[in-house]
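Please treat every number below as a calculation from the coordinates, not as lab data. Quantities reported herein were computed from a predicted structural model and do not represent experimental measurements. All Cβ positions, even for glycine, are placed from backbone atoms using ideal geometry, and neighbour counts span all protein chains on display.
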Amino acid sequence: MPDPTASRPDMPGYFHEDDEVTLLPWSWADSRLRNAHNYWMATHTPEGGPHLAPVWAVWDGARLFIATGTRSKKARNLRHDPRCTLATENAEEAVLIEGIATPIDAASAEPYLILYQAKYGSRPPEDDGWLITPKTAFGFIEHAEQFSRTATRWRW
């Protein structure tokens, strides 16, 4: 999968015209996606409300894989509406992925299960995996002097 295209996010009021712009390279985001231990996942309930939960995930350079019980609220929400957002645990150097989740069958899950076991030391059940294909990603460094210069949006 080719690297996404970087640009400034549309965030009125956060930037000034005289800000020095330093877009973050995709390698910066890729590293944080690979190395985060915990992620925050937001889904939509069938009633239209938000649901936020911590998850474990692995990033293979193109997609995130999560494991969650087939009867969990996250899985029920994703079956209703596959749009979701995942964010790395470190808000000071955050990476957020907006994407579409699809269930993964056991045969296709094997490479992700191997990555998951290497990262977390355990293997999730083979029938509860989801792949999140990113559409848009955002990254920024929170420190006040860097935020307005480094906020970056990537699109595939």
Other-chain or far-sequence residues with amide H under 5 Å of E142's (modelled H): E93, A94
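More than 14 angstrom separation, counting every C-alpha pair in region 107-155; what % is that? Each step should come with its number before you reach the end.
Working: 772 of 1176 pairs.
Here the long-distance tail beyond 14 Å is 66 percent of all Cα pairs in region 107-155.
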Mean projected area (nm²) of the alpha-carbon convex hull when the chain is viewed from all directions: 9.6
Calculated FRET value between D105 and H37, using beta carbons and R₀ = 22 Å, to 0.05: 0.25
Over region 20-150, relative contact order from alpha-carbon pairs under 8 Å, at least 6 apart, %: 28
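Run the dipole for region 1-136 about the Cα centre, Lys and Arg Cβ at +1, Asp and Glu Cβ at -1, nothing else charged, and hand back the magnitude in debye, nearest 20.
Numbers: 13 positive and 19 negative charges, 146 e Å.
Magnitude of the dipole: close to 700 debye.
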R63 long-range amide H proximity, modeled H, under 5 Å: none
Under the Karplus curve 6.51 cos²θ - 1.76 cosθ + 1.60, θ = phi - 60°, whole-Hz ³J(HN,Hα) for region 83-88, x wherever Gly or Pro sits: 6, 7, 10, 10, 10, 5
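Can you give the alpha-carbon Rg of region 67-142 over 2.2 N^0.38 Å, where N counts its residues? Walk me through the numbers before you get to the answer.
Working: Rg = 13.6 Å, N = 76, 2.2 N^0.38 = 11.4 Å.
For region 67-142, the normalised Cα radius of gyration comes out at 1.19.
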Derived scalar couplings ³J(HN,Hα) [region 113-121; Karplus, 6.51 cos²θ - 1.76 cosθ + 1.60; whole Hz; x for Gly, Pro]: 5, 5, 4, 4, 5, 5, 7, 10, x
Amide H contacts of T45 (H built 1.01 Å from N, under 5 Å, at least 5 apart or other chain): H51
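For the peptides 128-139, 43-54, 66-77, 99-110, what is the packing order when you average, over each peptide's residues, the other Cβ atoms within 10 Å and list the highest mean first?
The densest-packed peptide leads the list: 128-139, 66-77, 99-110, 43-54.
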